[in-house]
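The values are calculated or read from the model by the stated rules, or taken from the named source; none is laboratory data. Remember, it's a predicted structure, so these values are computed and weren't measured experimentally. Backbone-built Cβ (ideal geometry, glycine too); neighbour counts: all protein chains shown. Calculation scope for accessible area: heavy atoms of the full protein, side chains included, ligands and nucleic acids excluded. Shrake-Rupley method; radii C 1.70, N 1.55, O 1.52, S 1.80 Å.
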Amino acid sequence: MFSIENILNSFHEWLSSMLNQNMVMLLEMTLIAFFAITLFATLGLVLVYLERKVSAFIQIRKGPNRVGPFGIFQTTADTLKLIVKESFMPNSVDKFLYQLAPFIVMITAMLLLAPLPFARGVQIWNINIGVFYVTAVSSLSVIGILMAGWASNNKYSLLGAMRSGAQIVSYELSAGMAILSIIVLTGSLNLQDIIASQENGWWIFKGHIPAIVAFVIYIIAVTAETNRAPFDLAEAESELTGGFHTEYAGMRFALFFLAEYINIFIVCAIGATLFFGGWMPFHIGNWEAFNHVMDFIPSSIWFFGKTFFLIILIMWFRWTFPRLRVDQLLNLEWKYLLPISMLNLLVMTLIAIKGWHF
Amino acid sequence: MENEPLLNSLQTGFPEATIAIGSDWPEMSIESTQLLEVIEKLKGSDNWDFNYLFCETCVDWKTHFTMVYHLSSTQFRHSMVLKAKVDREIPQIESVVKFYKTAEMLEREVYDLFGIQFLNHPDLRRLLLTEDWVGYPLRKDYHDPINMIKL
Amino acid sequence: MRNVVDTTPEGNMVLNVGPQHPSTHGVLHLFITVNGETILNLDPNIGYIHRSIEKMCESLSYRQFIYSTSRMDYLSAHMNNHGCALTVEKGLQVEVPERAEVIRIIISELTRLASHQLWWGSLAMDLGALSPFFYAFREREMITDIMEETCGARLTMNYIVPGGVMADIHPDFQRKVKEFIVQFKSKIGEYHELVTDNVIFQNRTKGIGILSKEDAISYGCTGPTARGSGLSCDIRKIYPYSAYKNIQFKEILETEGDSFARYMVRMREMEESVHIIEQLIDNIPEGEFQAKTKAVLKLPKGEFYTRLETARGELGVYIVSEGGTTPYRIKFRSPGFSNLSALNHMVKGHKIGDLVSVMGTLDLVIPDIDR
Amino acid sequence: MDVKVSEPSTPFPGTIHETPGGGILLSSLDDVINWARSNSLWPLVFGTSCCAIEMMSVASAKYDFSRFGFEVFRASPRQADVIIISGTIVNKMAPVLKRLFDQMPEPKYVIAMGACATSGGPFFYNTYSVVKGADHVIPVDVYLAGCPPRPEALLHALITLQEKIKSGLTREQIRSKMSEEYGK
Amino acid sequence: MSFLSNYIKEVYGAVSSLLIGMKRTGYYLTHNKEVITEEYPEFKAKMADRFRGEVVMTHDAQNEHACTGCSACELACPNGTIKILNKFDITPEGKKKKAIDSFVYHLELCTMCNLCIVACPTDAIKMSQNFEHSVYDRRLLTKQLNFPGSKLREGVE
Amino acid sequence: MGSGSLIALIFAAVVFSAGGLAFAKFLNKGSTNPQKGETYECGIRTEGSPWNQFNVGYYLFALIFLIFDVELVFMYPWAVVAKKVGMMALFEIIVFIFILFMGFLYAHKKGALKWM
């Protein structure tokens, strides 16, 4: 059976047989960097295009369809334009921080790619505390946003950054609680272990209602963490014109834009891994024949399929709901999501310990 | 109250003022110095209860200005027009902001376009035009050869 | 230049909202003093679209000046024209044919619907829900199609002349209006599903920007803004003009005075407008669509004032005539102007996000304020 | 009787770039860049009056200018490419418009939509506060007549602007070329 | 306990209202037939007859128009869009006759209010349905409506 | 790949961003004018600097978050072993969350979670 894992392994062995270990290391690092950049660029283009098409269909219109067949080169044109647009820096900004901020956001997004299991055996770094790593690193992006907002020397930017700071840190909690409830079930922080534990069914089906509640809380929390509508208060066009990136132009703005979409991809990938079994095909208990048929679909397709399903779900939120107000946003977290997720965690622990899950 | 009875009751209330039926409503002309007491009476009286100032504007008659107040009552649904003559050389009149909050903006507009000084107005500034605008454009003698192209 | 606010300097900052800002719907400029997110004071600065219509009208003849008023409150262009025509007709003492009266009212109500739909879409957009805007415009496009067919333009219709309307209705008019009504009635539930019942929307509007009835009177508020505060001020009802005397309709009143009440007034008003159109559309009387008037109109010496209800509230047209072919002085009492003056009172102590929802439910059209 | 309507004397602006003329060499990189720029015109949220409503109509589902990739309305001029001046510019607004235009990064384009922005329109005569055409304040690339123009007309203006960007000609080059044609 | 039941009721109400909204947009997302976009440059909707795009002067096959140069439209226009320049033709009988030299129409000023059309006694001008007026240079919007070499149609006074 | 991949990823991010920026710098000619460098604020000259004291409301949330987040970190190791330890783990975490929740209620009562 076709498997990326085997190809990668044989490639690694082939390299090792030809070169010394340091060279292999260096070469593989370069390849990883290359892979990451390609993935970044492709994902950015695809997700923005997807967003525009999803919004168009929800809004009973056609969406981009002029540039290339079905408008698929629309986002390419946008990206190219942003690159060749003047990357302009206002005089009044804090120059160092202003220039640093997009890098921080980009590096954070890039680092989050490391533990993602893209397919069976395809993972950049099989870190044994994968989930913990993701929660830790993802909270770094708020620093980039705060930096951008502060350095811009613009009141709108500052307000946007402050909002986003309060928002992202708050929602980290319930996202963490939702993740914990899966960890209780699996007993491991390693993403591969978590996937392996879903061999005979995904957690969202196996974990009864608490798993579904955890999933809902997770989706809401990550929507907020990635600054997506209805939680896009950091940008809030109708209130703060552009929020934290008001003063950013051209390529720097494009980097923020890109990082936002990559972050969505990453949180959806994590969500898919935790609740939908990552690259694990759809298996039902011990229906051998059925499971075997499902195995024929390549694991990477399962992974990307699930991830894109969640991404479309998040886009669907965006184009449906009005934006919350800043205090309501925090109320939602502190008065509803956090207590509910605490309780949910307890129920989940009970289920896990009693072994009531399937 | 219909126009006729309103006219009569106004005439008994303000014997010294000139009151006539205009094209729509009773029109009462007073001197600018009387304005506040007249409005206080009009608004405070239970008979009239003119609590709703729906239009306040000014007309430049070249010799003098006339401040025109359109008042109505949300209770009795009757309306009237109050006119106060303002001197052209010293265009001053009392502000009615303390009776009608809407007058704040309306008087700023009149100040902006006619240059009438409202005494005791809380915040008399230009409203529509820029601060450094010269002249009062809705006056009949306003000239602006640069901006105004005559047809 | 700015209204200086007496506040402790710590943590307060002055923020310019507008003239180019997505939620001001035009070129309104607000100086707001904020502490964190809380608005301490708001000072509207208007005039960024002050086009001196009043001065211009002094040099236009009575036939001509009507058309420039379409550009004032462009969302109720027809009602503006109607008001001017009514004033001129009052001065000339022209009897408008019954058919013209009815056509005018149907078009007025269609304009009101179009205006409210645009308001609904853009309010939702201001609050962050982008899709309702497109659904609103789907229905609105049907209205603009009808307008285009009968009046010749989509937005600034210029359909009214003193004495009647410019042309008779298009043969397709009635059929298309009925089609629209069917479509609208099937979609109004969707509007409520998407926005009205949405918990986020309700939280954003309920209890926000409260305007009491007393304040509404004192600030001279009109239209749905005042009716949301329980002030009965529908000119169509209390001082009926044109053919409104013979029509059955309710005046919509809500008493809470918050953003949600104003929202509900407009939503229910839409249904009421449909109700009015339904009554009239099959009963357009036969006859002339325009009364005979002289080629050059001259108003007698005097002062003429007309009150009528536009989509935003009470419009007043005040013409002072010296007997010539042009008005001596003309004044438009615009509904947005007085509604705007209450804005500071309404948003004080609220958040920046609330400013958007309050401004959205005031439904300001800036050229209407600035004239 | 065969009644002939006078055709509009305007040549379709797309025809003017037959020959770039005067030693302009379009390299393929420039072509690519111009293609990208022309297909990704992000408008600034800027509407002053009636035309802004028609601009909203263009964004609406029936006309949908997202088909061309124009739908990314940016509220901040730092990220916008084109200002659609939809409405009257008055003396008080003119410095603001100038400032917004100045604050946009290069390359930037301007469409004057409607009679008011083109020339002052209905407010040309007897007004004391209206700028008689937005090109007194900032340079304008495409003029669009109408009061307000139909949504399709705005789409036409945007396509016209695309043609211009693709041709790679600057405002001055087009103008001098126009003057030649106009003088004939 | 009432606090708790209220709390649950609140959460339930909120979630269900959100789900109703999502159902509605989800319907549109999955139903392509609801798309109402008209693709403009290819698909040009037929303009209504009364649609006012610009003023044109009707010319017949002999290149004759009906404009006598009476200036009624110029007077009717609220903002000076029309300028009529008259000349005096010498008729074969040797009489001087007024005729238009050029009928200048400022499209950039025109508000399509239809007043000139109403005012015209000979129906020489009408509104056309053309709306594609985008140009690179403002001067091109000032037009001469009478064709070069056109004459007044016989019998029009 | 081990942790070395992180270096590769950081490198990739920096190369990607810096490369893009350098490319942008290389390709376009900017323009300057006096107003361009000024802060954008809806087309009006800004008044005062935003770099001054700021409302404490935002920071309060950050502080409360800090407390909760530290507690959350404690729960990760617990979650890993919860299944093995059995009912004792549940009991412990109930006590833990109860204390946490009391703290939360206290903060709520004190109005710390009220937006100012």
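What ³J(HN,Hα) values, in whole Hz, does the Karplus curve 6.51 cos²θ - 1.76 cosθ + 1.60 give for the stretch E:76-85 when θ = phi - 60°, with x put for Gly and Pro? For the stretch E:76-85, the Karplus-derived couplings read 6, 5, x, 9, x, 6, 10, 10, 10, 9 Hz, x marking Gly and Pro.
Near C:Arg333, the amide H atoms lying under 5 Å from its own belong to C:Gly316, C:Val317, C:Tyr318; only residues 5 or more places off or on other chains count, and H is placed 1.01 Å from N.
When the accessible area of the stretch A:309-358 is split by element with a 1.4 Å probe, what percent falls to carbon and sulfur?
Of the solvent-accessible surface of the stretch A:309-358, carbon and sulfur hold 74 percent.
A Cα-only calculation for the protein assembly as shown places Rg and Dmax at 33.7, 122 Å. Compactness of the stretch C:113-163 is given as radius of gyration and Dmax, 13.2, 45 Å, from Cα positions. Using label points projected 7 Å from each Cα along Cα→Cβ, tell me how many nm separate E:Lys126 and F:Ser31, to one decimal. Between E:Lys126 and F:Ser31, the simple spin-label model gives 4.5 nm. Of all aspartates and glutamates in the structure, the ones whose alpha carbon falls short of 17 Å from that of C:Lys351, not counting any fewer than 8 places away in one chain, are A:Asp232, A:Glu235, A:Glu237, A:Glu239, A:Asp327, C:Glu37, C:Asp43, C:Asp126, C:Asp258. Computed on the Cα atoms alone, the convex hull of the stretch C:22-91 gives a volume of 118 cubic angstrom per residue.
Return the ratio Rg/(2.2 N^0.38 Å) for chain C, where Rg is computed over Cα atoms only.
Working: Rg = 20.7 Å, N = 371, 2.2 N^0.38 = 20.8 Å.
Cα-based Rg divided by the globular estimate yields 0.99.
Over the stretch A:1-156, the hull volume per residue, using the convex hull of the C-alpha atoms, is 212 Å³. A 1.4 Å probe over all protein chains sorts C:Ser334, C:Ser59 by accessible area into C:Ser59, C:Ser334, starting with the largest. Solvent-accessible area lost on pairing C with B (1.4 Å probe, both sides summed) amounts to about 3600 Å².
Between B:Lys150 and B:Thr63, what FRET efficiency follows from the Cβ-Cβ distance if R0 is 30 Å, with the result rounded to 0.05? Efficiency for this residue pair is about 0.80. Other residues lying with their Cβ under 13 Å from the Cβ of C:Lys237 contribute a combined charge of 0, Lys and Arg counting +1, Asp and Glu -1.
A simple spin-label model places the labels of F:Leu63 and F:Ile94 3.3 nm from each other, with each point 7 Å out along Cα-to-Cβ. Projected onto their three principal axes, the Cα atoms of the stretch C:139-270 cover extents of 47, 34, 26 Å, largest first. In plain terms, the chain from A:Asp94 to A:Val216 could stretch by 39.9 nm, reckoned as 0.36 nm per residue minus the Cα-Cα distance. If R0 equals 35 Å, the separation of the Cβ atoms of F:Ala18 and A:Asn20 corresponds to a calculated FRET efficiency of about 0.70. Annotation: C:Phe289 carries an accessible surface of approximately 60 Å², with a 1.4 Å probe and no ligand, DNA or RNA atoms counted.
Put simply, chains A and D cover up around 2600 Å² of each other's accessible surface, both sides summed, when a 1.4 Å probe is used. The stretch B:20-63 and the stretch D:126-184 have Cα centres lying 51 Å from one another. With the simple model of a label 7 Å out from the Cα in the direction of the Cβ, B:Glu131 to F:Val70 spans 5.1 nm. In order along the stretch D:80-96, phi translates into HN-Hα couplings of 9, 10, 9, 9, 9, 6, 9, x, 5, 10, 9, 4, 6, 7, 3, x, 5 Hz, rounded to whole numbers, per the Karplus curve 6.51 cos²θ - 1.76 cosθ + 1.60 with θ = phi - 60° and x for Gly and Pro. Each residue of the stretch E:101-108 is assigned a 3J(HN,Hα), and the resulting list reads 8, 8, 9, 8, 10, 8, 4, 5 Hz, derived from the Karplus form 6.51 cos²θ - 1.76 cosθ + 1.60 (θ = phi - 60°), x at Gly and Pro.
Of all aspartates and glutamates in the structure, those lying under 12 Å Cα to Cα from C:Lys301, and not within fewer than 8 positions of it along the same chain, are C:Glu322.
Take the alpha carbon atoms of the stretch A:86-354, find their radius of gyration, then divide it by 2.2 N^0.38 Å using N residues; give the quotient. Rounded to two decimals, the normalised Rg is 1.05.
Interface between chains F and A: roughly 6700 Å² of accessible area buried, both sides summed (probe 1.4 Å, protein heavy atoms only). The residues of the protein assembly as shown present an accessible area of 35 Å² per residue when probed at 1.4 Å with all protein chains retained. For chain F, a/c is not less than 1.5, where a ≥ b ≥ c are the root eigenvalues of the C-alpha gyration tensor, and a/b does not top b/c. That puts it in the oblate class.
The alpha-carbon positions of the stretch C:224-371 define a convex hull whose volume is 139 Å³ per residue.
Go ahead and run the numbers for FRET between A:Ile312 and A:Asn128, Cβ-Cβ distance against an R0 of 25 Å, rounding to 0.05. Using R0 = 25 Å, I get an efficiency of 0.20. Measuring between their Cα centroids, the stretch A:81-103 and the stretch C:337-364 lie 35 Å from each other. Expressed in units of 2.2 N^0.38 Å, where N is the residue count, the Cα radius of gyration of the stretch C:62-149 is 1.29. Bridging of F:Lys84 to lysines at a Cα separation below 21 Å is possible for A:Lys206, A:Lys354, once same-chain residues fewer than 8 apart are set aside. Per-residue SASA remark: D:Cys116, around 10 Å² accessible (1.4 Å probe; ligands, DNA and RNA not included). Its Kirkwood hydrodynamic radius, worked out from the mean inverse distance over all distinct Cα pairs, puts the stretch B:3-119 at 14.3 Å. Taking 1.002 mPa s as the viscosity and 20 °C as the temperature, the Stokes-Einstein diffusion coefficient of the stretch E:23-64 based on its alpha-carbon Kirkwood radius rounds to 144 µm²/s. Extension gain, C:Thr325 to C:Asp168: 0.36 nm times the residue separation minus the Cα-Cα distance gives 53.8 nm.
The Cα-based radius of gyration of the stretch E:55-99, divided by its Kirkwood radius, gives an Rg/Rh of 1.04. For the pair the stretch C:197-218 / the stretch B:109-151, the C-alpha centres are spaced 36 Å from each other. For A:Arg323, the residues 5 or more places off, or on other chains, whose built amide H falls under 5 Å of its own are C:Gly128, C:Ala129. For the stretch E:55-152, the spread of Cα coordinates along the three principal axes comes to 45, 25, 22 Å, biggest extent given first.
Here's how it looks for B:Gln117: its modeled amide H is under 5 Å from those of B:Gln92, B:Ile93, which are all 5 or more places away or on a different chain.
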